[in-house]
């Protein structure tokens, strides 16, 4: 009988828990408040835990995982339970994505760095069957460079970009040194992102 096996000791039939069906979620993540939008589109298996989704978001966006984070899904919060500053969060290591996000069109939030308060909106754009040759997670597309860590959030970041447009600004030299001469707010290297994602496949 499918899904049933006998215990060696008792001889009684024992139900084997049915494994969840593996599907692929196409997810778009947008940095809230960015204009022009800073976004990425990527694919993940739906059976990953939320801590792996956290690592995936960090990689595709370009963050350095220097601060605490939290997922906000429906009326619940998920994050690293051993991190200071988080209250009433469920352990992200014990929750699979498929258990809390189940449908195309589902939206939820990911907050990174409660000081700068980088909010990300995620939407499941498509659910499909995994490809036999597919390796997940994988980044499909994106636009805009990731802001530097600790720059004051979205508004602080755009203030910095405005400053480096004016060499006469008294803060020009300091901000340029902070960002680096090679910083390009429009840059996005998908090959580099996918090379980094291989560590999670």
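Counting the residues of segment 124-140 that are within 16 Å of residue 200 (Cα to Cα) and surrounded by 14 or more Cβ atoms within 10 Å (Cβ to Cβ) gives 5.
Scanning segment 173-201 for residues that are in contact with a helix residue (DSSP H, G or I) (Cβ under 6 Å, 6 or more places away or on another chain) and more than 24 Å from residue 42 (Cα to Cα) turns up just one, 175. Criterion applied to 95, 111, 101, 89 was being surrounded by 13 or more Cβ atoms within 10 Å (Cβ to Cβ) and under 16 Å from residue 42 (Cβ atoms), and the one residue passing it is 101.
In segment 168-185, the qualifying residues are those that are in contact (Cβ under 8 Å) with a residue 24 or more places away in the chain and part of a helix (DSSP H, G or I), and the one that is nearest to residue 144 (Cα to Cα) is 179. Residue 80 meets each of the listed conditions (1) touching a residue at least 40 places away in the same chain (Cβ under 8 Å); (2) over 12 Å from the mean Cα position of the chain (by Cα) apart from (1). Scanning segment 149-161 for residues that are surrounded by fewer than 16 Cβ atoms within 10 Å (Cβ to Cβ) and in a loop (DSSP other than H, G, I, E, B) gives 149, 150, 152.
Selection of segment 48-71 for residues being surrounded by 15 or more Cβ atoms within 10 Å (Cβ to Cβ), out of contact with any helix residue (DSSP H, G or I) (no Cβ under 7 Å at 6 or more places or on another chain) and outside any helix (DSSP H, G or I) yields 62, 63, 67, 68, 70.
Only a single item in (1) touching a strand residue (DSSP E or B) at 6+ places or on another chain (Cβ under 8 Å); (2) within 20 Å of residue 66 (Cβ to Cβ) is not met by residue 196, and it is number (1).
All of the numbers you see were taken from the coordinates with simple rules; none came from a lab. Here the structure is a predicted model, which is why all the values come from computation and not from measurement. Counting neighbours? That spans all protein chains shown, and the Cβs are built from the backbone with ideal geometry, glycine included.
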